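This report refers to the structure that appears directly beneath it.
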Amino acid sequence: MTNSEKLYRQEELPLTDVELRLVQARLLASMSNIDGKVLDVENLMADSMLELMDKKDIYKLKQLYLEELSNPNLEHSLDEIVEFMKRAPINERISLLKMLSALAICDGELHKNEELFLKSAMRKLSVIVQVGKTS
């Protein structure tokens, strides 16, 4: 079996719980930062979501979240992460998009970049969730 065949087969495998939580932490950071400003309310919301995800690896998830906040390659990173999420079960994709939607509106507004990213992610992940209006 060639290396590309091994890689292809690995990409078909479902995400492990650890991979899924790490991807979610990265996406939460990306959503917090997508409008160019990270507010305290976004950090608090993301922190709460991370704590609900995995009590055992919470420190690692929070570290990854903080590292991702300073990622200069945000756009490329987002596309890569969303592609990775295609391997997640449908219920996890729905849950993730609901979390991202809640994070996007927790500051009282839905920024254009947040809305565009959510629509793009929904399309790529073949999932539609409602993004609440804050008016």
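Would you say residue 66 is aliphatic (A, V, I, L, M), at pLDDT 90 or above and surrounded by 15 or more Cβ atoms within 10 Å (Cβ to Cβ)?
The answer is no for residue 66.
Before we move on, is residue 120 among the polar types (S, T, N, Q), within 14 Å of the chain's Cα centre (by Cα), within 17 Å of residue 20 (Cα to Cα) and at pLDDT 85 or above? Explain how you work it out, then say what you get.
Values: among the polar types (S, T, N, Q): yes; within 14 Å of the chain's Cα centre (by Cα): yes; within 17 Å of residue 20 (Cα to Cα): no; at pLDDT 85 or above: yes.
No, not satisfied.
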Residues of region 1-24 classified as at pLDDT 55 or above, surrounded by 10 or more Cβ atoms within 10 Å (Cβ to Cβ) and of a type outside the set (Val, Ile, Thr), total: 9
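Looking at region 61-75, is at least one residue over 20 Å from residue 34 (Cα atoms) and of a type in the set (Lys, Arg)?
Checked against the condition, which is being over 20 Å from residue 34 (Cα atoms) and of a type in the set (Lys, Arg), region 61-75 yields no hits at all.
Please determine whether any residue of region 78-99 is polar (S, T, N, Q), in contact (Cβ under 8 Å) with a residue 12 or more places away in the chain and out of contact with any Ser or Thr (no Cβ under 8 Å at 6 or more places or on another chain). If you could, list the steps in order and put the result at the bottom.
Kept after step one, since they are polar (S, T, N, Q), are these residues of region 78-99: 91, 95.
Add one more test, that the residue is in contact (Cβ under 8 Å) with a residue 12 or more places away in the chain, and what stays is none.
Taking every residue of region 78-99 in turn, none turns out to be polar (S, T, N, Q), in contact (Cβ under 8 Å) with a residue 12 or more places away in the chain and out of contact with any Ser or Thr (no Cβ under 8 Å at 6 or more places or on another chain).
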Condition check for residue 71: closer than 21 Å to residue 21 by Cα and surrounded by 13 or more Cβ atoms within 10 Å (Cβ to Cβ): yes
Criterion violated by residue 100 - all others in (1) at pLDDT below 90; (2) within 15 Å of residue 22 (Cα to Cα) satisfied: (1)
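The values are calculated or read from the model by the stated rules, or taken from the named source; none is laboratory data. Predicted model only: the values in this text are computed from it and were never measured. Cβ: placed from backbone, ideal geometry, glycine included. Neighbour counts: every protein chain shown.
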